[in-house]
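The values are calculated or read from the model by the stated rules, or taken from the named source; none is laboratory data. The structure presented is a predicted model; accordingly, all values stated were derived computationally and were not measured. Here Cβ is always computed from backbone atoms with ideal geometry, including for glycine, and neighbour counts include all displayed protein chains. We work out accessible area using only protein heavy atoms, side chains counted, and drop any ligands, DNA or RNA first. Shrake-Rupley method; radii C 1.70, N 1.55, O 1.52, S 1.80 Å.
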Amino acid sequence: MIRGQEILKRLGLPQFQASTLLSGSWTQTIAAQLYLQQPALENRQTHWIELEDGDQIAVLEYRKSEEARAVAVLVHGLNGSFESDCIQRMSKLLIDEGFCVYAMNMRNIGPGKGLSKGIYHGGRGQDVIQTLNWAKENWPGLPLFGIGYSLGGNLMLSACAGQNYTPSPFY
């Protein structure tokens, strides 16, 4: 198993260093909500993924160029969307590092509203698996990362932990 610090080294990314003024996790959370604005992200493209049961979800793609050094799939939390502040800020950071970013909306959220018979919930890990596999097919051979916030983190973990998803080796 490859550990987080090892992955950062392999990709040439710096280790996170919190500001001395914002050293605590609560302080960082509150400051991000009060002071940070959503970045203006360009070059976005909407994709539609048809799920196994026929429902559809919207996935936004962000990237700077035709090349990418890695791929990340981001999943929002409860009552969020791919327009959520945390998704937008993380997308900007990853794009600036040369990633191709796919921000996944859960069922019946945003532009996908009305395209699914079902609703999203904590048992929809299969939706994340399909999105991860779709991203891997679009960028074969590149490292693939999954990032989820709140409910999206739960879905990402359940998808990777035991629902017949075998992540490819990073290198």
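Observations
- Going by accessible surface with a 1.4 Å probe and the largest first, Glu83, Glu42, Glu50 read Glu42, Glu50, Glu83.
- Highest-MSF residue in the chain out of Gly77, Gly153, Gly141 [GNM, Cα springs under 10 Å]: Gly141
- With every protein chain in place, the chain: carbon and sulfur % of accessible area (1.4 Å): 54 percent
- Gaussian network model of the chain, Cα within-10 Å springs - most flexible of Gly125, Gly146, Gly12: Gly12
- Segment Ser23-Gln56, length gained on full extension (0.36 nm per residue, minus Cα span): 7.8 nm
- Surface calculation, 1.4 Å probe, protein heavy atoms: Leu142 sits at approximately 40 Å² accessible.
- In the context of the full set of protein chains, the chain has a per residue accessible area of 58 Å² (1.4 Å probe).
- Leu8 accessible area, assembled protein chains, probe 1.4 Å, Å²: 50 Å²
- Among Lys92, Lys9, the sequence by solvent-accessible area, most first, with a 1.4 Å probe is Lys9, Lys92.
- Against the criterion of solvent-accessible heavy-atom surface with a 1.4 angstrom probe, His47, His76 sort, most first, into His47, His76.
- Annotation for Leu157 and His47: the two label points, set 7 Å from Cα along the Cα-Cβ direction, are 2.7 nm apart.
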